[in-house]
Amino acid sequence: MTLRSRNGVAIAVAVAAVALMTTVELTQRILRIEILNVRNSDGVIHILVFDDPSAFDENRYASAYKYLAVPAREGAVSAAIGGVGSGRYAVMFHHDENENSEVDMDGALPTEGWAYSNGAGTQGTPEFADAAFDHAKDSPPLTISMLYAD
């Protein structure tokens, strides 16, 4: 079957409209993050977004809803994670200075940076309820401050 130009124009307009809607939808599903107090530019910062309270509470990292690693930069780092719709989330951060994908410890204290959303985790590992926040398409960036034991 051959499409006449009138139909071709209609199809092109429909494809453009779907592309525009998809672009708008994706930009409305971004979790923007500002990470402050980064000690140095060594390694990466692992960002784990959880939507499952039990996965967060049990430190099941492989069950994170979203994951992103960004290069560390002394001072502040910005990140944007796409595909995060409206909902309740908790975020865990780890400044992996030596890029071994582990939270290095000296006894009970981490030797690398950590943080949680909502400022949770200053007195130990928080529960999902302590770190949880509501995210919507018009939410401001999530701002956290990296913590270091030394």
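The values are calculated or read from the model by the stated rules, or taken from the named source; none is laboratory data. None of the values given here were measured: they were computed from a predicted structure. Don't worry about glycine lacking a Cβ; one is built from the backbone with ideal geometry, like all the others, and counts go over all protein chains shown.
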Check your understanding: Pairs under 6 Å by beta carbon, first residue under 11 Å from residue 37 (Cβ atoms) in the range 132-150, partner in a loop (DSSP other than H, G, I, E, B), six or more apart or different chains?
Key -> 148/39
Check your understanding: How do the strands (runs of 3 or more DSSP E) wholly within the range 31-133 filter down when requiring 3 or more residues that are under 17 Å from residue 148 (Cβ atoms): which remain?
Key -> 31-38, 44-50, 75-81, 87-96, 113-116
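Determine if the range 2-21 includes at least one residue that is of a type in the set (Ser, Thr, Tyr), in contact with a helix residue (DSSP H, G or I) (Cβ under 7 Å, 6 or more places away or on another chain) and either at pLDDT 50 or above or more than 13 Å from residue 90 (Cβ to Cβ) (or both). Can you show your working first?
The first filter runs over the range 2-21 and keeps only residues of a type in the set (Ser, Thr, Tyr), leaving 2, 5.
With in contact with a helix residue (DSSP H, G or I) (Cβ under 7 Å, 6 or more places away or on another chain) added as a condition, the list becomes none.
No, the range 2-21 has no match at all.
Okay, residues lined up against (1) more than 16 Å from residue 58 (Cα to Cα); (2) touching a residue at least 40 places away in the same chain (Cβ under 8 Å):
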{"site": "86", "(1), (2)": "yes, yes"}
{"site": "101", "(1), (2)": "yes, yes"}
{"site": "111", "(1), (2)": "yes, no"}
{"site": "117", "(1), (2)": "yes, no"}
{"site": "121", "(1), (2)": "no, no"}
{"site": "124", "(1), (2)": "no, no"}
Check your understanding: Name the pairs: first residue in the range 48-60 and within 20 Å of residue 70 (Cα to Cα), second residue exposed (fewer than 15 other Cβ atoms within 10 Å of the Cβ) and among the aromatic types (Phe, Trp, Tyr), Cβ to Cβ under 7 Å, at least 6 apart or on different chains?
Key -> 48/67
